[in-house]
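*Asks:* Quick one: the structure is below, questions incoming.
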Amino acid sequence: EMSRSFATPLVRSSATLGGNIVAGAPVADAVVPLLTLDASLTLQASGDRQWSQSLASFMATRSQSGALVTQVNVPVPAKDAFWFYYKLAHRRSGAVSIASTALVITREGQHIKEASIALGAITPAPLRATRAEAVLLNEVLPLREQVIERCLVNLVADLQGPRDDLWASSTYRVRMGQALVKKALKQLNLCIYKDHEEIKEEL
């Protein structure tokens, strides 16, 4: 979904994933889903010195080491993980994001075992919404409305220093970020309901 809405076909055919990451732009669309997947970078500096750094840490510190990104490492998600990605822009593709979000939810039985939420275009750099994630841990699926609302309240605390620019105000960006996360969590519930119906049919 992200790749279909990312930039224009011309840019997609010539740009690199490393370039999207290193540019450090608030609207770096590729970074958002990679953050939820706990991606890491292999960096190389002069003298062939190499090291690994998590993408979340790289984005938070805006590394100025001058190192070259030689690899983007993405762990394989669990088989029972649910993935969601949504982006708000003035056009479906080739437009600067107003807000974007990605979620990866892993369950164990009927409980949420792991929750990863990332947002882009709202703050000066894409980030993980750790406070919102914490609300979802160990919650029963499908999620109750009260849990979703509590998650959205904590999301605001994660989005410190939202941006104002000619495309959208900071208030609007935060509200749209909440709306996109809520949409993803509602979609998660629909997936859970669908699983329940399939199990009933098998029985």
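The values are calculated or read from the model by the stated rules, or taken from the named source; none is laboratory data. From a predicted model like this one, the values you see are computed outputs, not experimental measurements. All Cβ positions, glycine included, derive from the backbone under ideal geometry; neighbour counts span all protein chains shown.
*Asks:* Quick check: anything in segment 61-70 surrounded by 17 or more Cβ atoms within 10 Å (Cβ to Cβ) and out of contact with any helix residue (DSSP H, G or I) (no Cβ under 8 Å at 6 or more places or on another chain)?
*Replies:* In the first step, residues of segment 61-70 are kept if they are surrounded by 17 or more Cβ atoms within 10 Å (Cβ to Cβ); the result is 67, 69.
Those left that are additionally out of contact with any helix residue (DSSP H, G or I) (no Cβ under 8 Å at 6 or more places or on another chain): 67.
Yes - at least one qualifying residue is present in segment 61-70.
*Asks:* May I pose another question? When Lys87 is evaluated against the numbered criteria (1) within 21 Å of Val156 (Cα to Cα); (2) among the basic types (Lys, Arg); (3) at pLDDT 95 or above, which criterion, by number, is the only one it fails?
*Replies:* Tallying (1) within 21 Å of Val156 (Cα to Cα); (2) among the basic types (Lys, Arg); (3) at pLDDT 95 or above, Lys87 fails exactly one: (3).
*Asks:* Within the set of pairs 6+ apart or on separate chains, which have a first residue in segment 127-151 that is in contact (Cβ under 8 Å) with a residue 40 or more places away in the chain, a second that is exposed (fewer than 14 other Cβ atoms within 10 Å of the Cβ) and hydroxyl-bearing (Ser, Thr, Tyr), and C-beta atoms under 9 Å apart?
*Replies:* Filtered contacts from segment 127-151: Pro142/Tyr193.
*Asks:* Just give me the residues in segment 169-180 being buried (at least 16 other Cβ atoms within 10 Å of the Cβ), aliphatic (A, V, I, L, M) and out of contact with any strand residue (DSSP E or B) (no Cβ under 6 Å at 6 or more places or on another chain), in sequence order.
*Replies:* Once the filter is applied, which keeps residues that are buried (at least 16 other Cβ atoms within 10 Å of the Cβ), aliphatic (A, V, I, L, M) and out of contact with any strand residue (DSSP E or B) (no Cβ under 6 Å at 6 or more places or on another chain), segment 169-180 yields only Val174.
*Asks:* Now for a different question. For segment 81-101, how many residues meet the condition of being assigned to a strand (DSSP E or B) and farther than 15 Å from Thr123 by Cα?
*Replies:* Residues flagged as assigned to a strand (DSSP E or B) and farther than 15 Å from Thr123 by Cα within segment 81-101 amount to 7.
*Asks:* Restricting to segment 21-48, and then to whatever is assigned to a helix (DSSP H, G or I) and at pLDDT 85 or above, can you tell me which residue is farthest from Val96 (Cα to Cα)?
*Replies:* Step one: filter segment 21-48 for residues assigned to a helix (DSSP H, G or I), giving 21-22, 31-36, 46-48.
Next, only the ones that are at pLDDT 85 or above stay: 21-22, 31-36.
On the way: Ile21: 16, Val22: 17, Val31: 14, Val32: 14, Pro33: 16, Leu34: 18, Leu35: 19, Thr36: 21 Å.
Within segment 21-48, the match that is farthest from Val96 (Cα to Cα) is Thr36.
*Asks:* Please list, ordered by first then second residue, the pairs with beta carbon atoms under 7 Å, 6 or more apart or interchain, first in segment 158-173 and closer than 14 Å to His90 by Cα, second in a loop (DSSP other than H, G, I, E, B).
*Replies:* Cβ pairs passing all conditions: Trp167/Val96; Arg173/Ala121; Arg173/Ile122; Arg173/Pro162; Arg173/Arg163.
*Asks:* I would also like to ask the following. Is it the case, given these coordinates, that Lys183 is surrounded by fewer than 18 Cβ atoms within 10 Å (Cβ to Cβ) and either assigned by TED's automatic domain parsing to the domain that holds Ala60 or in contact (Cβ under 8 Å) with a residue 40 or more places away in the chain (or both)?
*Replies:* Yes: the conditions hold for Lys183.
*Asks:* For residues that are touching a residue at least 24 places away in the same chain (Cβ under 8 Å) and under 22 Å from the mean Cα position of the chain (by Cα), tally how many sit in segment 44-69.
*Replies:* Within segment 44-69, residues that are touching a residue at least 24 places away in the same chain (Cβ under 8 Å) and under 22 Å from the mean Cα position of the chain (by Cα) number 7.
*Asks:* If Pro124 passes every condition in (1) assigned to a loop (DSSP other than H, G, I, E, B); (2) of a type outside the set (Val, Ile, Thr); (3) touching a helix residue (DSSP H, G or I) at 6+ places or on another chain (Cβ under 9 Å) but one, which one does it miss?
*Replies:* All conditions pass for Pro124, except number (3).
*Asks:* Among the residues of segment 158-171, which ones are of a type in the set (A, V, I, L, M, F, W, C) and closer than 16 Å to Thr101 by Cα?
*Replies:* The answer is Leu159, and nothing else.
*Asks:* A further question follows. Of all residues in segment 155-168, which are of a type outside the set (Asp, Glu), buried (at least 18 other Cβ atoms within 10 Å of the Cβ) and outside any loop (DSSP other than H, G, I, E, B)?
*Replies:* Leu155
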